[in-house]
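S.K.: My questions will all concern the structure given below.
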Amino acid sequence: MSVLSPSDENRVYDNILGAIGKTPLVKLGRIAHELACPLYAKMESLNPGGSVKDRVGLYIIEQAEKRGELKVGGTVVEATSGNTGVGLAIASALKGYKTIFVMPDKMSNEKIQLLRSYGARVVITPTAVAPEDPRSYYEVAKRLARETPNAILANQYHNPDNPKTHELQTGPELWEQTEGRLTDVVIGMGTGGSISGIGRYLKGQNPDIRMVGVDIEGSILKEVWENEGLIPDGVEATTYKLEGIGEDFLPSTTDLSVVDEIVRVSDRESFLWARQLVRQEGIFAGGSSGAALAGALKYCRKLGPERLAVVLFPDAGARYLSKLYDNKWMRENGFLELEFGEVTLGDLLISKSDKALYTATLGDPMRSVMAVMREHSISQMPVVGADGALVGLIDEVDLLNHMLEHEGHSQDETVDGLVQHARAVYPPESTLDECMPSLTEGYALLLVESGKPVGILTKIDVLDYVAGKI
C-alpha cells in the first residue's frame, strides 16, 4: 500500500486536524499604504474551519481527554458566537463526540447552518439579557452541560486552555514568521484568549512588544478599561451588531497584565473596513477582522517606519453574507448610506405597494382595454401575444386621439393598430442609474424576464421609493 508520510514541510496530514495552525502572514500594502510602518495580517481565516477558534477547539478537547474529563461517546457543550463551535465540531467529528452549541439570536444564519451541518444541536437564546440571566447563552450552556450525561462544558470564557493554545502555538508562529522583529500586535478581544496567550509568549521573548486590544463600542462596562488605565475615557454600554468580539462581562481568560492599550471601534467602522479589505486586498474577512483592521489603522498611525505591526484576522467573510456583505441589511441598520446607483428595478418593483401588472393581448377590443385603464388609473399598458411574450405598449393618449379623430368605431375594434414599440425595456437586475435617461425622457420602465413583462415602473413609483428611503 502506497501511503504518504505525514509532513509539515509538504503539508501532508493524516486528517484535517493536522492542517490547523501554521497560518501565513500577509502584508497589507494597499489598505494600509498611508502608514509609516509596515502592517501584516495573521490570516487565521485560512484554518480548515475558517477561524482562529480551530486552534482553541482542538486544544480544549485534547486537554479534557488527558485529564479524563471527556470520555468515549461524550458530549461537548459550549456557548459560542459560532467560530468556537466550528473548531469544537471539527475535533469532535474526528474523535466521535456529540456537540451542543448555544448561540445568541444576533448570530448570522450562515453560522447556525454551518454548525448544524456538522451534526451539532444548536440552541438559540436571546441576546438582550444579562449574562447571569437564566436565558443567556452562557447560563443555558451551563444548564445543558449539567443535564447531559457524560458531557463537558468547553467554557472558552473561563477555560485556561483557551489562552494556553495561543501561548503554545500562535505566539511562537508570529515570533518565528517575523524573525523576532515584530514590535506591535493588534488583536480583537472577545474571550481575550488570543491576546492573552500571544501576549504572554511574545512578552517573554521581548517585553517591549506592545499588545493592543480592540474592543467594540457597547461591550464591557467602561470602568474595566478606565480602572486599568488602558483608555482615558470609555463609552457607555450599548447594544452592538458585531459578532466575535466584545462582551458584557470580563472573561477570566483575559489577562490584562499583558495588554498595553485598548482601541475602541464602532460597528459601522468594523463593517465598512471589512468591505474595503476585500475590495482593496482581496481578503474576504468577517466583521471582527474589520474591527481589528479599524483598530490597527487607528493605532498604527502614530508609529514610525522602524516599527513592525501585525493584526490578527480571526475569520473569513462567508459566514456574514446575509449581514455585513448584504447592502440591504447594511442600509436597514444605518451602516451604509443609500446609494441609488445600486438600487435595481427589481428592488423598486418589490417596494411598490401595488405590484399588479395589467396587460392587453393582441386582438383585444379597444373599449375593453380602455375600461381596464380607467378602472386602475393607468396610462400605459404592455401588449402581449398569445404566448405572453411582449409585443409592445399601448398608451392612453394614442387611444384618445384615435377615438377623437376617427368616426364610426365598431364595438370590436382591436388595439392592434395602436401598439407602439416599447422603448424602455429592461431586465429586473438593471440599476436605477442605467434607466434614469429613459425616465427623464418620459418613458415608463417595462421590466421583462424571458421575453415576458413582469412589471412596469413610472416616475411616481421611483419618487415613492426615494421618499421612503430618505
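S.K.: Give K328/K355; K111/K298; K53/K98; K22/K298; K66/K203 a once-over and call out the pairs whose C-alpha atoms are over 24 Å from each other.
M.R.: Result: K111/K298; K22/K298; K66/K203 exceed 24 Å.
S.K.: What are the extents of the Cα atoms of the chain along their three principal axes, listed from largest to smallest and rounded to whole Å?
M.R.: So the extents along the principal axes, rounded to whole Å, are 100, 55, 54.
S.K.: If you count, for each residue, the other Cβ atoms within 10 Å and average over each peptide, how do 365-373, 151-159 line up from highest to lowest?
M.R.: Working: 365-373: 16.7, 151-159: 22.0.
In descending order of packing, they fall as 151-159, 365-373.
S.K.: Going by how many other Cβ atoms sit within 10 Å of their own, how do E78, E306, E413 line up, fewest first?
M.R.: Lowest count first: E306, E413, E78.
S.K.: Another question about this same structure. If Lys and Arg each add +1 and Asp and Glu each add -1, what is the summed charge of the other residues whose beta carbon sits under 10 Å from the beta carbon of V122? Each step should come with its number before you reach the end.
M.R.: Working: positive: K111, R116, R121; negative: none.
Neighbourhood net charge equals +3.
S.K.: Something else now. Beta carbons within 10 angstrom, averaged per residue: use that to sort the peptides 290-300, 354-364, 377-387, 38-48, highest first.
M.R.: 290-300, 38-48, 377-387, 354-364
S.K.: Using just the helices of the chain, give the 222 nm mean residue ellipticity in deg cm²/dmol: DSSP H runs with n ≥ 4 each add -39,500 (n - 2.57), and the total is spread over all residues, rounded to 500.
M.R.: Helix-only estimate at 222 nm: -10500 deg cm²/dmol.
S.K.: What ranking do E217, E139 get, fewest neighbouring Cβ atoms within 10 angstrom at the top? Walk me through the numbers before you get to the answer.
M.R.: Details: E217 21, E139 18.
The order, fewest Cβ neighbours first, is E139, E217.
S.K.: May I pose another question? Which one of V77, M436, M189 is farthest out on the positive end of the charge dipole of the chain, using unit charges on Cβ (Lys, Arg +1; Asp, Glu -1) and the Cα centre as origin?
M.R.: The listed residue farthest towards the positive side: V77.
S.K.: May I ask you to sort F271, F101, F284, F335 by Cβ crowding, counting other Cβ atoms within 10 Å and putting the fewest first?
M.R.: Exposure proxy ranking, most exposed first: F284, F335, F271, F101.
S.K.: With an 8 Å Cα cut-off and a minimum separation of 6 or more residues, compute the relative contact order for the stretch 53-153 in percent.
M.R.: 30 percent
S.K.: Under a point-charge model restricted to the Cβ atoms of Lys and Arg (+1) and Asp and Glu (-1), what is the dipole moment magnitude of the chain relative to its Cα centre, in debye to the nearest 20?
M.R.: Around 1980 debye, computed over the chain.
S.K.: Could you tally the net charge around P149, taking each other residue with its Cβ under 11 Å from the Cβ of P149, Lys/Arg +1 and Asp/Glu -1?
M.R.: Numbers: positive: K71, K98, R146; negative: E147.
Neighbourhood net charge equals +2.
S.K.: If you take the Cα atoms of the stretch 340-469, find Rg, then find the Kirkwood Rh from the mean of 1/r over all pairs, what is Rg/Rh?
M.R.: Rg/Rh: 1.00.
S.K.: Compute, for the stretch 358-436, the length of the dipole vector about the Cα centre, with Cβ point charges of +1 (Lys, Arg) and -1 (Asp, Glu) only. Units Debye, rounded to 20.
M.R.: The calculated dipole for the stretch 358-436 is roughly 100 debye.
S.K.: What is the Cα coordinate range of the stretch 53-153 on the first, second and third principal axes, sorted by size from largest, in whole angstrom?
M.R.: Result, largest extent first: 37, 27, 20 Å.
S.K.: When Lys and Arg each count +1 and Asp and Glu each count -1, what net charge do the other residues less than 12 Å away from E281, Cβ to Cβ, add up to?
M.R.: So the environment of E281 carries a net charge of +4.
Quick note: the coordinates plus some simple rules give every number you see, no bench work behind them. Treat the numbers as computed from the prediction; the structure is a model and nothing was measured. In this analysis, Cβ positions are derived from the backbone assuming ideal geometry, glycine residues included, and neighbour counts consider all displayed protein chains.
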